[in-house]
Amino acid sequence: MPSEYATYYGIAVLAVMTYLTRVTGYLIGSRIPEESRLYRIIQTLPGCALSAVVAPSLVRGTPLDTAAVIAAAAVFHFSGQILTALLTGLAISVAGSHWMGM
């Protein structure tokens, strides 16, 4: 049986590790020259992470999931605003689930 403080301990450890990860990334990232190959690789990581989250919805998702992803991609293509695209995909997914009774 875990102690009653195990949850708080876990949250504290995760918070400290998150902080250290961000600070380390900032300190190391500020020393990487913008002309280097590593800098270009690091710049593409957010898109790769987003693709890793979205790809399973395309492969195993319902037609509604696929439509939401396609709509979000179209909004991003035409507007260039990632937050607007994500909110569009989310709105389509939530509204479609509501109307379809899912």
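The values are calculated or read from the model by the stated rules, or taken from the named source; none is laboratory data. Predicted model only: the values in this text are computed from it and were never measured. Backbone-built Cβ (ideal geometry, glycine too); neighbour counts: all protein chains shown.
Quick notes on this structure:
- Among the conditions (1) surrounded by 10 or more Cβ atoms within 10 Å (Cβ to Cβ); (2) modelled with pLDDT under 90, THR18 misses just one, which is (2).
- Of all residues in the stretch 1-35 being in a loop (DSSP other than H, G, I, E, B) and among the aliphatic types (A, V, I, L, M), the one that is nearest to ALA72 (Cα to Cα): ILE32
- Flag if LEU38 is more than 30 Å from ALA95 (Cα to Cα) and either assigned to a helix (DSSP H, G or I) or at pLDDT 90 or above (or both): yes
- When THR44, THR84, THR24 are checked against the criterion of being modelled with pLDDT of 90 or more and either at negative phi or in contact with a helix residue (DSSP H, G or I) (Cβ under 7 Å, 6 or more places away or on another chain) (or both), THR84 stands alone in meeting it.
- Look at the stretch 41-59: where a residue is assigned by TED's automatic domain parsing to the domain that holds GLN81 and among the β-branched types (Val, Ile, Thr) and a partner is part of a helix (DSSP H, G or I) and surrounded by 10 or more Cβ atoms within 10 Å (Cβ to Cβ), sitting 6+ places away or on another chain with Cβ atoms under 6 Å, you get VAL54/VAL69.
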